[in-house]
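The values are calculated or read from the model by the stated rules, or taken from the named source; none is laboratory data. Everything numeric in this text was worked out from a predicted model, so none of it was measured. When we count neighbours, we look across all protein chains shown, and the Cβ atoms used for this are built from the backbone with ideal geometry, even at glycine. Quick note on the areas: whole protein, heavy atoms, side chains included, nothing else; ligands and nucleic acids left out. Shrake-Rupley method; radii C 1.70, N 1.55, O 1.52, S 1.80 Å.
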Amino acid sequence: MIRLRGVSYTYPEGELPALRDVGLDVAEGEICAIVGANGAGKSTLAQVLAGFCPHFEGGELDGEVHVAGLDIASSRMEDIVPRVGLVLQNPFNQISGARFTVREEVAFGLENLGVPEREMGARVDEMLETLRIDHLASRSPYELSGGQQQLVALAAILVMRPRVVVLDEPTSQLDPAGTDLVFTALRALRDTDLTTVLIEHKLEQLEQYADSVVVLADGVVRAKGRPREVLAHDELEAWGVGGTRFSRAARELRTRGWWRPDVEIPVSLGDAVDAVRRLTGAAAVRPAAVEVGEPAAGEVRLDWPVTDDGGSADLEVTGLRFRYPSGVTALDGVDLTVAPGERVAVIGENGAGKTTLVKHLNGIFRPSDGQVLVGGWDTREHSVAQLAQRVAYLFQNPAEQLFARTVRREVEFGPRNLGYAQERVAELTDAALRALSLTRFADDHPYQLTQTEQKRVALACVLAMNTPVVILDEPTTGQDYRTMQTLRAVVGMLAKAGRTVIAVTHDMDFAAENFDRIVTMARGRVLADTPVADAFLDDAVLREAAVHPPQLTRLGRELGWVRPVLTVSDLVERVGAVADI
């Protein structure tokens, strides 16, 4: 169904090819996952397969690209679109118009293909039910959470029944239950001979759902094979992928001499359970005193010029209710107190009210009822500009907060408007650019960068403001292994400096590894507010919030360990304490 031979592609303004001599075969009905570091060429490959490169982007395409029976280079887009569907990385960019409801959005492509009205309605209803968004049918896509928008964008492509679908990180903003739903739907659609190319950073799901995995690095295919073979490859970290948490823990154990050559590197949960039982001889593991969030060997550490000028501020939310103009109640009586210096992760299903809650902390939203205090300031009595002195906010979509002509000017904007002296503005700006590996982009326009690079620019803007409270809304979206290591270091650095860090996240592993406290939400309410060690013990709460325990926590459960496993370091120390080597 897909055949690439000697494919290279260079963007119009590019000095070097984004893809180099790529060869790839994907059979009909196959689910092929593409993994790699940010900038490896994954999104470019997706757009080449769908014809956007070169037909929209321009540039130079060499080699043979055959998809769904079409020679992509010589075919017209009106011939490609019915056969090859592309779901973009940012669903906001794929929504057709504010006048549409979700139902109209999903039907839009069918209208353009001339599908009869009766058939169109049946297909739309079926797709809404398949992705469990039928309850959103009459709402505007712009009123939805990022994860809900992602499901709408996916539905709008799948409903057209293309022969090939190319998905650029389709689950990046979804809760764990939503992620499983998408992967299950894609597996079910194999019965219709749908061929899927899936760009994904969630490696743990690929072993279960993908038929093959391709590793891209620097525009070159480095490996292709069955998921278990590729995801256990020793070069994954060198290629900027890192591997699953199970394989990373196994490699760390091997480095320490606590592994056996007759035990394979595990990729999946089942493999990891078997491996640990063999290593420990099924012995009772002594709990090791490992601090949550302790960096493992080789992880990123940052030197940040934080001084007392950042200050501190406590947060107090009492009886908070919020209704959108449409009448939808997003928050229904939320109480929350956060002390200075705490690290708090807010988790829960898509549409639970997580983003709505944190947007009250910097005044973007004002309570319909209840009260929000930031360092004693009532947010209803202070402007967003005033509250920015105390709270810096990283948006889900970086395009919502980027506007300057260069990356440097973008990062300077916050501290300059907070009244810092020019010397301090320069110091904070340079430090933020270094911390996020953005110095080489300092003179570039932010919109010339990829979405993941824009996300790092937005985070640099937040860091440079040096506020007592930092809010990170889905900071891990679209980020590769190396950037995740940097992000982890950023959270630790801010905590060490006494800053309060609040993160909205669907990444349970990120939450477990980096935060002291977990607030779990569903339907606009707080279901639980617990220390991280207790956050994933109540199965009833997890089911109601549509989240799953972190991968390593599930491993510990399978092994019958009482104390939860939260980090790779935690697992390594426990296994190493009794490894039967």
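Is the stretch 135-212 rounded, prolate or oblate when judged by the Cα gyration tensor, a ≥ b ≥ c being the square roots of its eigenvalues, rounded requiring a/c under 1.5 and prolate requiring a/b larger than b/c?
It is oblate, given that a/c is not under 1.5 and a/b is not larger than b/c.
If you average the sequence gap of Cα pairs under 8 Å that are 6 or more apart and divide by the length of the stretch 1-95, what percent do you get for the contact order?
Relative CO of the stretch 1-95 lands at 31 percent.
Using the beta-carbon distance between Asp262 and Glu78 and R0 = 45 Å, what value does 1/(1 + (r/R0)^6) give for FRET efficiency, to the nearest 0.05? Kindly include the intermediate steps, with their values, before the conclusion.
Numbers: r = 57 Å, r/R0 = 1.27.
Taking R0 as 45 Å, the efficiency between Asp262 and Glu78 is 0.20.
Arrange the residues Lys224, Lys359 by how much accessible surface each exposes, largest first, with a 1.4 angstrom probe.
So the residues, ranked largest to smallest area, are Lys224, Lys359.
Taking the Cα centre of each part, how many Å lie between the stretch 406-474 and the stretch 124-143?
37 Å
Which value, in Å to one decimal place, does the Kirkwood hydrodynamic radius take for the stretch 1-118 when every pair of different Cα atoms is included?
15.8 Å
Measuring with a 1.4 Å probe in the full set of protein chains, what accessible area per residue, in whole Å², belongs to the stretch 189-270?
41 Å²
Rounded, prolate or oblate: pick one for the stretch 412-516, where a ≥ b ≥ c are the square roots of the eigenvalues of its C-alpha gyration tensor, a/c under 1.5 means rounded, and failing that, prolate if a/b is larger than b/c, else oblate. Walk me through the intermediate numbers first.
Numbers: a/c = 2.05, a/b = 1.25, b/c = 1.65.
Oblate is the answer for the stretch 412-516, as a/c is 1.5 or above yet b/c matches or exceeds a/b.
List the extent of the Cα atoms of the stretch 1-70 along each of their three principal axes, largest first, rounded to whole Å.
36, 27, 19
Which whole-number value in Å² is the accessible area per residue of the stretch 423-469, probe 1.4 Å?
Per residue, the stretch 423-469 has an accessible area of 36 Å².
How about the stretch 65-135: which trypsin sites (Lys or Arg not before Pro) there are in a DSSP loop, with at most 13 other Cβ atoms within 10 Å of their Cβ?
Passing both the DSSP loop test and the Cβ count: Arg76, Arg99, Arg132.
Find the relative contact order for the chain and round it to a whole percent, using C-alpha pairs within less than 8 Å whose residues are 6+ positions apart.
Relative contact order, the chain: 16 percent.
Rank these residues by their accessible area, most exposed first, probe 1.4 Å: Asp274, Asp444, Asp191, Asp21.
Asp191, Asp21, Asp274, Asp444
What dipole magnitude, in Debye to the nearest 20, does the stretch 6-58 give about its Cα centre under +1 on Lys/Arg Cβ and -1 on Asp/Glu Cβ?
Here the size comes out at about 120 debye.
Using the eigenvalues of the Cα gyration tensor, what equivalent ellipsoid semi-axes result for the stretch 332-479 when each is taken as the square root of five times the eigenvalue, whole Å, largest first?
The answer is 27, 18, 13 Å, longest axis first.
What does the accessible area per residue of the stretch 91-172 come to in Å², with a 1.4 Å probe and no ligands, DNA or RNA counted?
Value for the stretch 91-172: 44 Å² per residue.
Pairs of alpha-carbon atoms within less than 8 angstrom and 6+ residues apart define the contacts here; what relative contact order does the stretch 430-581 have, in percent?
That works out to 15 percent.
How large, in percent, is the carbon and sulfur part of the accessible surface of the stretch 477-581 at a probe radius of 1.4 Å?
Values: 1690 of 3450 Å².
So the carbon and sulfur contribution to the accessible surface is 49 percent.
Tell me, what is the 1.4 Å probe accessible area of Ser172, in Å² to the nearest 10?
Here the accessible area works out near 20 Å².
Round to a whole number: what % of the accessible area of the stretch 353-428 belongs to carbon and sulfur, probe 1.4 Å?
That fraction is 47 percent.
Give me the percent of accessible area attributable to carbon and sulfur for the stretch 1-72, probe 1.4 angstrom.
Heavy-atom surface of the stretch 1-72 belonging to carbon and sulfur, 1.4 Å probe: 45 percent.
Cα-based Rg (one decimal) and Dmax (whole number) for the stretch 382-456, in Å?
My reading of the Cα-based Rg and Dmax gives 12.4, 37 Å.
State whether the chain is rounded, prolate or oblate according to the following rule on the C-alpha gyration tensor (a ≥ b ≥ c being the square roots of its eigenvalues): a/c under 1.5 gives rounded; otherwise a/b larger than b/c gives prolate, and the remaining case gives oblate.
Rounded, because the longest to shortest axis ratio a/c is under 1.5.
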